[in-house]
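Below you'll find the structure, written out as structure tokens, and then a few comments.
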Amino acid sequence: MRKLLLLLIVSIFASASNAQSPVAMTLNTADAKLIISRDIYGHFSEHLGRCIYDGFWVDPALNVPKKDRIRMDIVEALKKIKVPNLRWPGGCFADEYHWRDGIGPRDQRPKMVNTNWGGVVEDNSFGTHEFMDLCALLGAEPYIAGNVGSGTVEEMAKWVEYFNFDGISPMANLRKQNGRAEPWKVSFWGVGNESWGCGGNMTAAYYADLYKRYATYARDYPGSPLKKIASGASDWNTAWTETLMKNIPVNQMWGVSLHYYTLPTGNWGKKGSATNFNEAEYFKTMKNCLAIDEVVKRHSEVMDKYDPKKRVALVVDEWGVWTDVEPGTNPGFLYQQNSMRDALIAGSTLNIFNKHCERVKLASLAQTINVLQALILTEKEKMLLTPTYHVFDMYKVHHDAKLIPLQFSSPDYASGDQKIPAINASASVDANGLVHISLVNLDPSRKITVNTSVAGMKWAGVKGQIVTSAKFNDYNSFTDPNKITLKGFNGARKKGDQLTVELPALSVVMLELK
Ligand code: AHR
């Protein structure tokens, strides 16, 4: 009996020390001024592994619904999350892509080797028209990455003319000959990709000059002004951003890009498994993920020096977690699973982008299908929606809504002698006056109570959705595709003017107040 009592007392103490005092958060809708561009919620589809081929674009014999060879179950899933834009054809591939190889009768298109990704044969069956058909089916804006590394100024100029000129010209005529009368009016236009690396190994100053030359001839045709995006830095390389900002007048570019990948172990050699990791590695991954906040801040500060009015966008057109490939898969295909950890990375990163929406106006998760932090995985006819997909589904309510600044101080989530904020959040008010709050709890063992005082609006109640799982390395497999999915959340209540939320461990929650 005494033993039992002792056990009871010990367990009460243990759970008390595990308890977290509530977080006080404040939000005032009167402070909502800046728009969160829906383009922050964009995606990326490169000719890499099974993203385009055997992803979006499938073998005619595959027994799935198709339009031409575009896989329609994928299109339907992506329409649901309102993909605002899609970046194509790369990545590194873009700087070796010659667009004229991908137009005209398919059986006459040349085959090439994809030197960047696995050395496989690229048959060019998916080219400009096929990509634009895909964007039309998705209702997404195309974001084209033009070839600076191995392409000419003329080649890029002519691609723009092919896309956008509505009149009589060699490229407009060729487009018509290939079955498309109207110009497509493409607007987002990348001038090269990773020009410091796979896009040509250039110096920033040399690239800045090249940018101006290529951008000059990438014309704004009547009714089709381009939003030109300079090939920017990766990670902490603010020197690259500084050289671009110093050398390219702000009226000659719409944006400067930035790439940031979360590496679980923090190094490019052994990056860490997508599903087989312990808490120490989980912690490290989340720490590396949250660092994007500081990375964006540092690049923004450099941009502020040259562009205090924030006319040039910071375009984070590659982000996400990059792990080791799944065992037994082609190392050049970058196929990785997607776990609860990925959902937390997606929710946290999107909260951070929302916060920086005055500068960050477009972002692209890498990559949509079967590559890196994918939304969708496929295996022949089967497809599954990853935990990351469900986060994008929940977060679509932030598209084009006004950011409501939040004040709160997060409790720590500690591991060894290190700590990171356990929670992060973002709030917005949409055109109908609905307030949405996205909350992420990274702590794997503590639920956290958040008490939010809501000012500036009348609201009658709250409803919510959640993505959560018991373990950070749980994932959806082809045998258990719905292990992690979007569920109703009833852990939020209105108490007077206060919103009280019991945020479960390892969760991404979206609340709607009305
Ligand atoms: O997304 C995979 C690759 O990562 C892209 O091709 C390249 O731009 C980056 O290094």
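The values are calculated or read from the model by the stated rules, or taken from the named source; none is laboratory data. Keep in mind the model is a prediction, meaning the values are calculated, not measured. Ideal geometry is used to build each Cβ from the backbone, glycine not excepted, and the neighbour counts take in all protein chains shown.
Among residues that are within 16 Å of the ligand (Cβ to nearest atom) and modelled with pLDDT of 95 or more, Val148 is included. The set of residues in region 326-379 being assigned to a loop (DSSP other than H, G, I, E, B), of a type in the set (Gly, Ala, Ser) and under 12 Å from the mean Cα position of the chain (by Cα) consists of Ala374 alone. Just to be sure before I move on: is Thr285 of a type in the set (Val, Ile, Thr) and under 27 Å from Leu406 (Cβ atoms) in the structure I sent? Against the criterion (of a type in the set (Val, Ile, Thr) and under 27 Å from Leu406 (Cβ atoms)), Thr285 qualifies. Given the condition closer than 22 Å to Arg50 by Cα, surrounded by 24 or more Cβ atoms within 10 Å (Cβ to Cβ), within 16 Å of the ligand (Cβ to nearest atom) and under 16 Å from the mean Cα position of the chain (by Cα), answer yes or no: does some residue in region 380-398 qualify? Yes, region 380-398 contains a residue that is closer than 22 Å to Arg50 by Cα, surrounded by 24 or more Cβ atoms within 10 Å (Cβ to Cβ), within 16 Å of the ligand (Cβ to nearest atom) and under 16 Å from the mean Cα position of the chain (by Cα). Quick check, is Lys212 within 30 Å of the chain's Cα centre (by Cα), on the phi > 0 side of the Ramachandran plot and surrounded by fewer than 19 Cβ atoms within 10 Å (Cβ to Cβ)? No: the conditions fail for Lys212. Of the candidates Ile74, Ile70, Ile52, the single residue that is in the same structural domain as Gly190 (by TED's automatic domain parsing), among the β-branched types (Val, Ile, Thr), at pLDDT 95 or above and within 16 Å of the ligand (Cβ to nearest atom) is Ile52. When each of Lys463, Lys471 is tested for being among the basic types (Lys, Arg) and either without any contact (Cβ under 8 Å) to a residue 24 or more places away in the chain or farther than 22 Å from His399 by Cα (or both), the lone residue that passes is Lys471.
Residues that are within 16 Å of the ligand (Cβ to nearest atom) and at pLDDT 95 or above do occur in region 211-230, at least one of them. The set of residues from region 233-263 being hydroxyl-bearing (Ser, Thr, Tyr), crowded, with 21+ Cβ neighbours inside 10 Å and more than 16 Å from the ligand (Cβ to nearest atom) comprises just one member, Thr241. Scanning region 35-78 for residues that are in contact with a Leu (Cβ under 8 Å, 6 or more places away or on another chain) and small (Gly, Ala, Ser) returns Ser37, Gly42, Ser45, Gly49, Ala77. Only one of the numbered conditions (1) buried (at least 21 other Cβ atoms within 10 Å of the Cβ); (2) among the hydrophobic types (A, V, I, L, M, F, W, C); (3) farther than 30 Å from Pro65 by Cα is not met by Ala374, and that is (3).
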